[in-house]
C-alpha cells in the first residue's frame, strides 16, 4: 500500500466530506511499502499522535523524531512524509480537517483573523507536541477525546468534535500569535518544490536529466540541486530512485519480469535496478515477488 496522489503530489483521499470535512483514524506505518509514506500534501490541517513505536516525520524542510506519546501539528498544504524507525510497528492517531470547518463561511472574521493568519503563513508549517508542555498536553488529550467521540458516534458527536477542534485551534492560534512577528512570506519555495516533485512523478519512467528538471522550473542546475537537497534532505536522483522503486512494486506483484519492471519505471539497466532494489527493500526483486503472492 502507498498513498495515492495526483501529479502535483496532492493526496487523493476523502478527508471526510463537504458537510463534515473531518477524518479521524488510526494508521500503521508498516501497512505502507518500505514502512514509509511518501511525500504528499493536502489542503486539510493534520494532527498526529504517535501511539506506539517511533517515526521520522518530515514537514517541508523540518525533521521531527517522534516516539510514543508525542505528536505533531501539520499546517494546511504542507509537504510531509514519514518513515518508521526501529522494528516496532509505529501506530498513530491521525486527525485531518479542512480549515473551513473552523470558520464556517468565506470572509468571516473567524477566517480572516484566526485561521488565515496561520494557514497562509509558510513559517507556521508545523510544531511538535509533547506532554512536558502543559498546553500541548491538553491538545493531545483532546485529540484522544476526539477519537473516542468519533468511535462512539453519539447523537451530537459532530458538534462535540467541532467544539474540541475549536479549542485545539485556539491553543494553536495563541501559540503562533505569541511568537515574534514573522513575515507572511509567499509559498514560492513550496510551490517550486511541488513543481519539481510533480515533474519527477510525471516523468520518472523516462530517461530524464538534471538539466531537464531544472529547466522545467527555470533555474540553473546547481541551484535546483541545492534547493532540492535543502528541503528534501536527499538529492534529486536519490529521490527519483526511491520513486522508481516504489512504482515498480505493483508491477512485480502483478507478475511482470524484473527486466520489464525495471524498464517500465525508468531504470536503464536491470542489474542496477536489482542493486538499488536490494539496497532500499532489503531483498532482491524476485524475493519480493515471492513474498507478494
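Nothing in this text is a laboratory measurement; each read-out follows from the coordinates by a stated rule. Since the model is a prediction, treat every value here as computed from it, not as a measurement. Using ideal geometry, Cβ is built from the backbone for each residue, glycine included, and neighbour counts are taken over all protein chains shown.
Normalised by the residues of the chain, what does the relative contact order come to in percent, with Cα pairs under 8 Å and at least six apart?
Answer for the chain is 15 percent.
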inquiry  = How high is the relative contact order of region 188-292? Use alpha-carbon pairs under 8 Å, at least six apart in sequence, and give a whole percent.
reply    = 23
task = Would you please state which residues of region 54-81 a label at residue 128 would reach in this model, taking the label point 7 Å out along Cα→Cβ and a backbone N cut-off of under 16 Å?
result = 54-74
request  = Hey, could you get me the Stokes-Einstein D for region 22-178, Kirkwood radius over alpha-carbon pairs, 4 °C and 1.567 mPa s, rounded to whole µm² s⁻¹?
outcome  = 81
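At 0.36 nm per residue, minus the direct Cα-Cα distance, what do residue 206 and residue 254 gain on full extension? Give it in nm, one decimal, please.
15.2 nm
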request  = Using only alpha carbon positions, build the gyration tensor of region 242-293, then give the equivalent ellipsoid semi-axes as the square roots of 5 times its eigenvalues, largest first, whole angstrom.
outcome  = 14, 12, 9
ask   = Got a sec? How would 133, 291 order by Cβ neighbour count within 10 Å, fewest to most?
value = 291, 133
note = Fewest to most Cβ atoms within 10 Å: 80, 216 sort as 216, 80
ask   = Just one of [x] 114; [y] 123; [z] 147 is volume of the Cα convex hull per residue in Å³ calculated from these coordinates, so which is it?
value = [z]
remark   = Summing -39500 (n - 2.57) over every DSSP H run of at least 4 in the chain, dividing by its residue total and rounding to the nearest 500, the 222 nm mean residue ellipticity is -13500 deg cm²/dmol
request  = For a footprinting-style exposure proxy, rank 290, 136 by other Cβ within 10 Å, fewest first.
outcome  = 290, 136
ask   = Got a sec? Which residues in region 63-97 would a label at residue 116 touch, if it sits 7 Å along Cα→Cβ and we count backbone N under 18 Å?
value = 76-77
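How many percent of the alpha carbon pairs in region 141-293 exceed a separation of 24 Å?
Within region 141-293, distances greater than 24 Å cover 58 percent of Cα pairs.
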task = State the Cα centre-to-centre distance between region 252-293 and region 194-250 in whole Å.
result = 21
